[in-house]
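First the structure, in the form of structure tokens, and then the observations on it.
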Amino acid sequence: MTSNTAYARLESRFAKLSHLDQASGFLHWDMSAVMPEGGAESRGEQLASLASLGHDLLVAPEVEEWLKAAEQEGLEGWKAANLREMRRDWLHASAVPAELVEKLSRAGSSCEMVWRKARPAADFRQVIEPLSILLDLTREMAEIKSQALGVSPYDALLDQYEPGGRSADIARVFADLAGFLPGFLAEVLKKQGAAPAAPEGPFPQAVQKEIGLEMMKSLGFDFDHGRLDESLHPFCGGTPDDVRITTRYDEKDFITSLFGVIHETGHALYEQGLPKQWRHQPVGKARGMSVHESQSLLMEMQACRSRAFFRFAAPKLARQFGRSGWDADQLYNATMRVEPGFIRVDADEVTYPAHVILRFRLEQALIARELSVADLPAAWNEGMEELLGIVPPDDRLGCLQDIHWYDGAFGYFPTYTLGAMTAAQLFDAARKALPDLDGDLSAGRFAPLLGWLRENVHGKASRYSTDELLRQATGKPLDAEIFKAHLRARYAS
């Protein structure tokens, strides 16, 4: 392949786009982790300029010409898949005017900074105006993209995070779960009986961080290409060569931070395992957010919320916190408690899907103009009562808890539960391929599991569709029954 081919020109252009996207990612990380409050306005301008510059490079007239020409070059394998992903990126971007891209970037940055004040104050009124502005712009973008993609406005937003995902398919799966979960939850609550004694604090933040770093190392995190920091909302960002993860600490509860670190490390391991030779090309990116979430949940929920893992972790935790008598089974039972709660990121495995189903329903209604921003808190509380039988006492524990909508990420939430289902299916396949997996986890050996994931998920990046990736790894498309079977085995057996 010579450097004068249309495909080679596309590779060069998309490498530049990747560099701009990564620079924006680090600015977002800095804004969430260490930026002083006074930097918000200028940071919004910086991000808007980068977004506009990237958009201009992607939708330039020559890109469409190169895409058409490259289709005649007989590409195969990774290059053919890369061209497919390039066209998908171009199709999303070319539908949206540059002015709207810049407005969305500014509105997202502005709304997020207001949310950062409104959330601790439990004052939803502060965000009504900026969220309304952001939502109007998001609807405008969704309607434009829906015409270009030939899908509904909401599906056009969903496709940004879950390539090929359709709300009708998700709604069927979620309706099945919504029918299964209430009865199953009642069964689990009845079976688990009285709460076992939970470890009592205080648990010094410095020790929690030390433990988190040690667990990251055990899981296989490469500290030459990443780091751990603190933020209001745990997240994973950066680039495959410099992965930034964050957590938050509570000296009364070490479990939240520990499993937050493990969750974000799952994301980071996926990024660090993407193929180096395709690192700055669309095909070298992660295969959508449901697969990305499956990697965090596979580590957090499948591998590390297991009895086997607690046989490894309990003595380490007891030693580092200076405690005695922490039995692995007792600690497992205390930390695997099922109980309806208000906060999604703290939810147990059984109730978590209800949190996602609620958000999926509400954001569809918001995009379709069936729900106004001002009515969101009431609709949220009604949904929580319907799905989990509880009502948040304030909006901090309700519709203000997540950052996603307040920085413009509509269509993202369904990928969390799709990811949980995918994680269960991948772990089931890994268990069959690795007969001594429980023994490995009991000894803190994550290399065999990570190796299996590198081969079957990480190293394939976006070469295949989500469905095909899962078929290759597990032998079948996404199967909700595997997720249900996992829940029954863990909580009802």
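Worth a mention:
- Förster radius 51 Å - calculated FRET efficiency between Glu382 and Ala8, Cβ distance, rounded to 0.05: 0.40
- Label point distance in nm, Ser493-Gln205, each placed 7 Å from Cα along Cα→Cβ: 4.0 nm
- When the Cα convex hull of the range 6-137 is projected onto planes of every orientation, the mean area is 9.2 nm².
- In degrees, nearest ten, helix 352-367 long axis to first principal axis of the chain (Cα): 30 degrees
- Computed from the alpha carbon atoms alone, the convex hull of the chain holds 144 Å³ per residue.
- Hits among aspartates and glutamates - C-alpha to C-alpha of Lys190 under 12 Å, sequence gap 8 or more where chains match: Glu339
- Charge tally around Glu300: other residues with Cβ under 12 Å, Lys/Arg +1 each, Asp/Glu -1 each, net -3.
- Put the Cα centre of the range 144-185 next to the Cα centre of the range 402-442 and the gap is 17 Å.
- Each Lys and Arg contributes +1 and each Asp and Glu -1, all at the Cβ; summed about the Cα centre of the range 280-407, the dipole is approximately 840 debye.
- Per-residue ³J(HN,Hα) for the range 20-25, Karplus 6.51 cos²θ - 1.76 cosθ + 1.60, θ = phi - 60°, Hz, x for Gly and Pro: 5, 5, 5, 4, 4, x
- Violating pairs (Cα-Cα greater than 21 angstrom) within the set Lys191/Lys484; Lys68/Lys103; Lys145/Lys276; Lys79/Lys276; Lys16/Lys276; Lys276/Lys460: Lys68/Lys103; Lys145/Lys276
- Top positive-direction residue, dipole computed over the range 142-493 with Cβ charges, set Phe174, Gly260, Met421: Met421
- Per-residue ³J(HN,Hα) for the range 179-187, Karplus 6.51 cos²θ - 1.76 cosθ + 1.60, θ = phi - 60°, Hz, x for Gly and Pro: x, 7, 5, x, x, 5, 4, 4, 5
- Under 5 Å from the amide H of Gly226 lie the amide H atoms of Val243, each residue being 5 or more positions distant or on a separate chain, with H modelled from the backbone and absent for Pro and chain starts.
- Assigned charges on the beta-carbon of Lys, Arg, Asp, Glu; the chain dipole about Cα centre (debye): 1180 debye
- Charge dipole of the chain about the Cα centre (unit charges at C-beta), most positive-ward option of Asn381, Pro435, Pro240: Pro435
- Peptide ranges 373-386, 100-113 listed from the most packed, as the mean C-beta count within 10 angstrom indicates: 100-113, 373-386
- Crossing angle, helix 376-388 versus the chain [Cα axis fit, 0-90 degrees, rounded to tens]: 50 degrees
- Between Leu189, Phe410, Met35, the Cα set farthest toward the positive side of the dipole of the chain (charges on each charged residue's Cβ, about the Cα centre) is that of Leu189.
- Beta bridges per DSSP with both ends in the chain, % antiparallel, nearest 5: 50 percent
Each reported figure results from applying straightforward, stated rules to the coordinates on display, with no laboratory input. Worth saying up front: this structure is predicted, and the values here are computed from it rather than measured. Neighbour counts are summed over all protein chains in view; Cβ atoms, including those assigned to glycine, are modelled from backbone coordinates with ideal geometry.
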